[in-house]
Amino acid sequence: MSLTVLSRKEKEKVIHRLLVQAPPGEFVNAFDDLCLLIRDEKLMHAQGECAGHQHCKKYSVPLCIDGNPVLLSHHNVVGGNRFFDHQSKLSFKFDLLQNQLKDIQSHGIIRNETEYLRTAVLCALKLYVNDHYPAGNCNVLRKSVKGKEFLIACIEDHSYELQDSWNGLWKSKWIFQINPFLTQVTGRIFVQAHYYKYVNLHIKISKDLKESLEVVNQAQLALSFARLVEDQENRFQAAVLEELQELSNEALRKILRRDLPVTRTHIDWQRILSDLNLVMYPKLGYVIYSRSVLCNWII
């Protein structure tokens, strides 16, 4: 069905669905392409603002405020499509299409033991990220749920190479409760890549983890936490690289080959595989893509 015969509400749903499906680093491109089809500036702006907010939360879009990195996520949303930054103590809206902060307001925080621990954990995590990622960002947030205090650590690194038709994102999230003697850390590592020069190839990889940490004091907890993150991400990367080595070119051909639906001729897989070997698996600090326990190949 053509978009020209859809009602306005139906158009909104279609536009929103297409925008939220945009891979990391490609939201603005997807928006611009849809604008050429829809030709309704007011409608596109409204849907772009809403979908852009979701995109930021989903992919931990990084910003810089007062020289400090800020990662947007659903953990630092404070309502009304606003985000909050613990370092600058500011709340704001973020326009992804314009890459611009809007409606900036001061937002106080309570200085207590949890805040001092948050700062210590952030310092330890920064040392790890600076040592392992070429352009990585990290944030540590605090959240209170039913009277219980939690710290949420987020890591992000990416490489968006639109001119070479590939984009990749690595992010991880680690949460633990502030307990006096022992705390459980739950983590999730997520990797997504999109290659679209000769084929439309999406790779999504994720892994969930649970580990325990002894709590002696703030300094010990911060260092132990950073070591735990480093160890788990090292293990994850090593496992993925091992899988990639076992995935021979011949195996990859068997996974991907199919007849083209229109011409009924075979794709030149040898050329594609040669190109994939060159650009699909670069190291972005900790390999940004193709590490996997869960891997979806979509052609």
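Which count do you get for residues in segment 117-158 that are among the aromatic types (Phe, Trp, Tyr) and outside any loop (DSSP other than H, G, I, E, B)?
Keep residues of segment 117-158 that are among the aromatic types (Phe, Trp, Tyr), which gives 128, 133, 150.
Right, trim to outside any loop (DSSP other than H, G, I, E, B) and you get 128, 150.
Count: 2.
Picking from Asp103, Asp157, Asp164, which residue would you name as being in contact with a strand residue (DSSP E or B) (Cβ under 7 Å, 6 or more places away or on another chain) and either touching a residue at least 24 places away in the same chain (Cβ under 8 Å) or under 25 Å from Glu214 (Cα atoms) (or both)?
Numbers: Asp103 fails: either touching a residue at least 24 places away in the same chain (Cβ under 8 Å) or under 25 Å from Glu214 (Cα atoms) (or both); Asp164 fails: in contact with a strand residue (DSSP E or B) (Cβ under 7 Å, 6 or more places away or on another chain).
Testing whether each residue is in contact with a strand residue (DSSP E or B) (Cβ under 7 Å, 6 or more places away or on another chain) and either touching a residue at least 24 places away in the same chain (Cβ under 8 Å) or under 25 Å from Glu214 (Cα atoms) (or both) leaves just Asp157.
So, in segment 146-159, exactly how many residues are more than 24 Å from the chain's Cα centre (by Cα) and of a type outside the set (Lys, Arg)?
Narrowing segment 146-159 to residues more than 24 Å from the chain's Cα centre (by Cα): 146-149.
Filter again for of a type outside the set (Lys, Arg), leaving 147, 149.
The total comes to 2.
Can you tell which of Phe84, Phe94 is free of Cβ contacts under 8 Å to residues at least 40 places away in the same chain and crowded, with 19+ Cβ neighbours inside 10 Å? Let's see the steps before the verdict.
On the way: Phe94 fails: free of Cβ contacts under 8 Å to residues at least 40 places away in the same chain.
Just one listed residue meets the conditions, Phe84.
Can you find, within segment 1-50, the residue that is nearest to Ser165 (Cα to Cα) among those that are assigned to a helix (DSSP H, G or I) and modelled with pLDDT under 85? If you could, list the steps in order and put the result at the bottom.
Restricting attention to segment 1-50, the residues satisfying the condition of being assigned to a helix (DSSP H, G or I) are 3-5, 8-20, 27-38, 41-50.
Remaining after also requiring modelled with pLDDT under 85: 3-5, 8.
Numbers: Leu3: 28, Thr4: 30, Val5: 33, Arg8: 33 Å.
Applying the filter and picking the extreme gives Leu3.
Got a sec? Which of His75, His53 is assigned to a helix (DSSP H, G or I) and free of Cβ contacts under 8 Å to residues at least 60 places away in the same chain? It would help to see each step written out before you state the result.
Working: His75 fails: free of Cβ contacts under 8 Å to residues at least 60 places away in the same chain.
After applying the criteria, what remains is His53.
Name the single residue that is farthest from the chain's Cα centre (by Cα) among those in segment 205-244 being part of a helix (DSSP H, G or I), exposed (fewer than 13 other Cβ atoms within 10 Å of the Cβ) and among the hydrophobic types (A, V, I, L, M, F, W, C).
Ala219
Given the options Lys57, Lys102, name the one that is exposed (fewer than 15 other Cβ atoms within 10 Å of the Cβ) and either touching a Pro at 6+ places or on another chain (Cβ under 9 Å) or among the charged types (D, E, K, R) (or both). Before the answer, list the steps.
On the way: Lys57 fails: exposed (fewer than 15 other Cβ atoms within 10 Å of the Cβ).
Only one candidate qualifies: Lys102.
Since Lys11 meets every condition but one in (1) within 30 Å of Leu122 (Cα to Cα); (2) among the basic types (Lys, Arg); (3) crowded, with 17+ Cβ neighbours inside 10 Å, which condition does it not meet?
(1)
Any residue at all in segment 114-130 that is under 21 Å from the mean Cα position of the chain (by Cα), surrounded by 12 or more Cβ atoms within 10 Å (Cβ to Cβ), over 16 Å from Gln220 (Cα atoms) and of a type in the set (Ser, Thr, Tyr)?
Looking through segment 114-130, none of the residues is under 21 Å from the mean Cα position of the chain (by Cα), surrounded by 12 or more Cβ atoms within 10 Å (Cβ to Cβ), over 16 Å from Gln220 (Cα atoms) and of a type in the set (Ser, Thr, Tyr).
Test Leu213 against the stated conditions and say whether it is at pLDDT below 85, under 26 Å from Leu125 (Cβ atoms) and outside the structural domain of Gln21 (by TED's automatic domain parsing). It would help to see each step written out before you state the result.
Numbers: at pLDDT below 85: no; under 26 Å from Leu125 (Cβ atoms): yes; outside the structural domain of Gln21 (by TED's automatic domain parsing): yes.
It is false that Leu213 is at pLDDT below 85, under 26 Å from Leu125 (Cβ atoms) and outside the structural domain of Gln21 (by TED's automatic domain parsing).
Out of segment 56-72, which residues are more than 22 Å from Ile189 (Cα to Cα), among the hydrophobic types (A, V, I, L, M, F, W, C) and free of Cβ contacts under 8 Å to residues at least 24 places away in the same chain?
So the first thing to find is which residues in segment 56-72 are more than 22 Å from Ile189 (Cα to Cα), and the list is 64-68.
Applying the additional criterion that residues be among the hydrophobic types (A, V, I, L, M, F, W, C) yields 64-65.
Within segment 56-72, Cys64 is the sole residue that qualifies.
The values are calculated or read from the model by the stated rules, or taken from the named source; none is laboratory data. Computed from a predicted model, the values in this text were never measured in an experiment. Reconstructed Cβ throughout: ideal geometry from the backbone, glycine too, with neighbour counts over all protein chains shown.
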